[in-house]
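Visitor: Below you will find the structure I want to go over with you.
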Amino acid sequence: MKIAPSTPSPISGETGPLLPGALARIATPLTMVLVALCLLVSGLALALHNDRTVKAEKVRQASVQAQILASSVVAPLAFDDSVALQEYLNALRANPEILAAGAYDAQGRFVAGYTLVGTNLPDRVRPFAPVIAGRDLTVTARVTQGDTAVGIVYLRVSLESWPRRAARYLGVAALIIMACLLVAVLGISYASLRTAHTSLREEIASREKVEEALRQSQKLEAMGQLTGGVAHDFNNLLMVATSGLDLMERTTDPEKIERLKAGIRQAVDRGAKLTQQLLTFARRSPLHPEVINLRERLTGMDALLERSLGEGVTVDVHIPAELWVEVDPSQLEVAVLNIALNARDAMPKGGFIRIRAKGLPGSKTEREKVRLSIADNGTGIAPEMLSQIFEPFFTTKGVGRGTGLGLSQVYGFAKSSGGEIEVESTPGEGTTISLVIPRATGVAVPLAVDPAVPLKAGANRRILLVEDDDTVAEMVGEMLGELGYESERAETADAALVRLEEKADFEMLLSDMVMPGTLNGIDLVHRVAERWPRLPAMLMTGYSAAAASAASEGIPLLVKPYTIQQLSAELEVLIGGGR
Amino acid sequence: MAYVARRSPKPGRLRWSGGGLVWAGAALATVLVGAPASASTPSLEQAVKASYLFKFAPFITWPDRALAGSKVFTICLSGDDPFGAVLDDVVRGQRIARLPIVVRRLGAATGGIAAGGAGRISCQMLFAGRGPQAGDYAPFADLDGQPVLTVTDAGAGPPGGMIRFVTQAGRIRFQIDDGAARANGLVISSKLLGLAVSVGRQ
């Protein structure tokens, strides 16, 4: 199984509007209703116009029909052939819309005609323009031959009845009503969609807040756990140091004093290592990669491992000779130690730990790599916990037993070194944790050996020490004095500048980085470089972010805590050669 | 002459069988044929005929030359006048071809007068009534080719004439000799032809 850092996937994001901006602004339920109303009104107007047109057409048709009739009946009417006249008129019966048809002589007297049930013909008729009365249309036409008026024909035509007209408009009406309904439904659904959209966004926003609060509380909880674990460890270290000092005061036996000093130093070293680990987990500790031979380095850890793991755990290291990697050697050791410690804890009744390494061939796209695996035959890790074991502060150990930072350090180290971690675990059978890190070519830097106190004489050269912490200032002052330097302390950068303005009678400036006042260490170094360019300066800090920024500007740096040997060496490099 | 009549099923569209004459089988106005009327008191029959005489005019188209230069439309009566004042009453105030109507009674004069000969009498329509007993009454003589509509009464008067009143089933009807009318340059409307008892075509 490969564990990769989980990239936080945003649960929510700014979701785009449902419609393009301008459209979205006007697409409100009100406008939808207006659109529907417009549709309805235009539909009605269309129907009315249509009705009027149909009526006018009907009038025209009836008038034409009357003209045709008038033209047909002219001779029968002129020569009183009422039989032929009646036949002409009866021909109109084929049209059920014609309710009555009559022929009148030149004086307007009724001559012949027919009517359908429910209507009648007037006795006398004079020509008139078409008249619509109720649902009846009445038209007349003059019967003429040449210039001679022969008579009048009279037609009464039924306009379409309401049911028939309604039937004719039913299709269109249905369409319009459907369209109105559609628009209305669209409007309503869009409105509800928008409401849902808004509430969804509110929901997302509130969820983000809750998540942020949850993260905050998790952080606090983790802080609590860390505080508990670290405080316990530190208390132990302090206990060693305090009791050691107490015992030193009560004894004059040089051998015992030496033993106690060694114990105190060991406790202080462990404390320094612990803070170093914390910084590494927080990935704030700069790595110092070196090309190392894996076999040499890990074989050198044998004793450390055996001492740390205790009785009952057998360590078997087997590593090929020519495996080089470029990593921070101390971090590698810590990582191996952390894995081994976890292995030990997984084997309460004892067992074995196998440390193996082998080279992995590379490809066109991938570098050659080295797999360093540490296997145990312990209880294994439950599958559901596999994804959590590298999380900071995750621990299955009781309070005070573990900080939950061990494997987190391993993860941080692997990632910082351009590698990965693989975990294989079978509950009840054991766990194998493998570091896969890029293989290096090149020559190893020989193992750094602590100089055997080759202290250089300071020759009473004066150093301006800028440090806000009294204890630290006193101790560093003591160390400088021990090395033969003269030191004068300033509490802040501002005070240091004031002192230098009085008289710049110093060979060097040694300053803390983070201090109260308007200037920090870097600012001070800049000012000094401008004002007194011949005065060398060195910074000291225990905070890795500050260290990184100082290093990026090329300012000499001492990382706290440092030993007197380190201090001596750095001072020698900076100002030793001059004199 | 054989008359074959067939009614078209639709009025207004009378179909003519080839070369035959069609009976316009319409009963005419219910005018009972009464006793022969005297000149002084025209019967209802004569009144109808007088009315028809006027009503024929709109259905007839005269050639331009017939009316050229005329200020009046002249209806001439030759022989006995069966209508008396009735005809004058019918045409009073009426116009034919936009011309006021004048009724001229020619007596037993011959057709030459009616054709607008030396006597300068020009008729557009000539009704020939019963003539004198003497055999030389020929009202239509010299009218060949002249645009004069000639009307006769089958019951009384000379033979011939483009339109001839007949009595059928007690109703006054008419026969039309369309051939003669056309020969004289007159066009009779098919509407009128359709109403005729018989139409002669030559």
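Visitor: Using only Cα atoms, tell me the angle between helix A:329-345 and the longest principal axis of chain A; keep it within 0 to 90° and round to the nearest 10.
Guide: 80 degrees
Visitor: Which FRET efficiency value, to the nearest 0.05, do you get for A:E474 and A:E322 by plugging their Cβ-Cβ distance into 1/(1 + (r/R0)^6) with R0 = 41 Å?
Guide: 0.25
Visitor: Could I ask something else about it? Can you tell me how much longer the chain between A:A272 and A:K503 gets when fully stretched, taken as 0.36 nm per residue apart minus their C-alpha distance, in nm with one decimal?
Guide: That pair, A:A272 and A:K503, stretches by 79.4 nm at full extension.
Visitor: Using a basic spin-label model with each label point 7 Å from the Cα along Cα→Cβ, how many nm lie between A:Q107 and A:V514?
Guide: A separation of 13.2 nm, rounded to one decimal place.
Visitor: Right, here's the next one. In terms of the Cα gyration tensor, with a ≥ b ≥ c the square roots of its eigenvalues, is the range A:454-517 rounded because a/c is under 1.5, prolate because a/b exceeds b/c, or oblate?
Guide: Oblate shape, in that a/c is at least 1.5 and b/c is the bigger or equal ratio.
Visitor: Now, a different point. Counting other beta carbons within 10 Å of each residue's own, what order do B:C76, B:C123, A:C38, A:C180 fall into, fewest first?
Guide: Lowest to highest Cβ neighbour count: A:C38, A:C180, B:C76, B:C123.
Visitor: To the nearest whole number, what is the average tally of beta carbon atoms from other chains within 10 Å of the beta carbons of peptide B:88-97?
Guide: 1
Visitor: Need one number: nm distance between label points at A:K560 and A:F352, each 7 Å from Cα along Cα→Cβ, rounded to one decimal.
Guide: If labels sit at A:K560 and A:F352, their model points lie 4.8 nm apart.
Visitor: Take B:R105, project a point 7 Å from its Cα along the Cβ direction, then tell me which residues of the range B:147-164 have their backbone nitrogen under 20 Å from it.
Guide: What the label zone holds, given the 20 Å backbone N cut-off, is B:151-153, B:156-158.
Visitor: Also, I was wondering about something else. Partner chain Cβ atoms within 10 Å, averaged over the residues of A:145-152 - can you pull that number for me?
Guide: Average per residue, whole number: 5.
Visitor: How many partner chain Cβ atoms sit within 10 Å of a residue's Cβ in peptide A:52-60, on average, as a whole number?
Guide: Rounded to a whole number, the mean comes out at 0.
Visitor: Which far-off residues, 5 or more places away or on another chain, put their amide H under 5 Å from the one on A:M508, with H placed in the peptide plane?
Guide: Amide H to amide H, under 5 Å and 5 or more residues apart or across chains, A:M508 pairs with A:L464.
Visitor: How far apart, in nanometres, would the label points at A:L574 and A:K55 be if each is projected 7 angstrom from Cα along the Cα-to-Cβ direction?
Guide: Computed distance between label sites A:L574 and A:K55 equals 10.9 nm.
Visitor: Sum -39500 (n - 2.57) across every DSSP H segment of at least 4 residues in chain A, then divide by the residue count to get the 222 nm mean residue ellipticity, nearest 500.
Guide: -16000 deg cm²/dmol, from helical runs alone.
Visitor: Over the C-alpha atoms of the range B:132-192, what are the Rg and the largest Cα-to-Cα span, Dmax, in Å?
Guide: That works out to 12.7, 38 Å for Rg and Dmax.
Visitor: Further question on the same structure: Which ordering of A:F128, B:F174, B:F59 is given by a fewest-first count of other beta-carbon atoms within 10 Å?
Guide: Least to most surrounded, the residues fall as A:F128, B:F59, B:F174.
Visitor: Assuming R0 = 56 Å, what is the FRET efficiency of A:S71 and A:A191, from their Cβ-Cβ distance, to the nearest 0.05?
Guide: 0.30
Visitor: Please list the non-local residues whose amide H lies under 5 Å from the amide H of A:E290, H modeled 1.01 Å from N, same-chain partners needing a gap of 5 or more.
Guide: A:V327, A:D328
Visitor: So who's got an amide H within less than 5 Å of the one on A:L99, skipping anything under 5 residues away but keeping other chains? H placed 1.01 Å off N, in plane.
Guide: Those qualifying (amide H under 5 Å, at least 5 residues apart or on another chain) are A:R156, A:V157, A:S158.
Visitor: Still on this model: Would you list A:W324, B:W62, A:W532, A:W162 from fewest to most Cβ contacts within 10 Å?
Guide: By the 10 Å Cβ count, ascending: A:W162, A:W532, A:W324, B:W62.
Visitor: For the pair A:V64 and A:R168, what calculated FRET efficiency results from E = 1/(1 + (r/R0)^6), where r is the Cβ-Cβ distance and R0 = 30 Å, to the nearest 0.05?
Guide: Efficiency for this residue pair is about 0.85.
A short reminder: the numbers here are calculations on the coordinates, not readings from a lab. What you see is a predicted model, and the numbers here were worked out from it, not measured in a lab. Note that each Cβ is placed from the backbone with ideal geometry, even for glycine, and that neighbours are counted across all protein chains shown.
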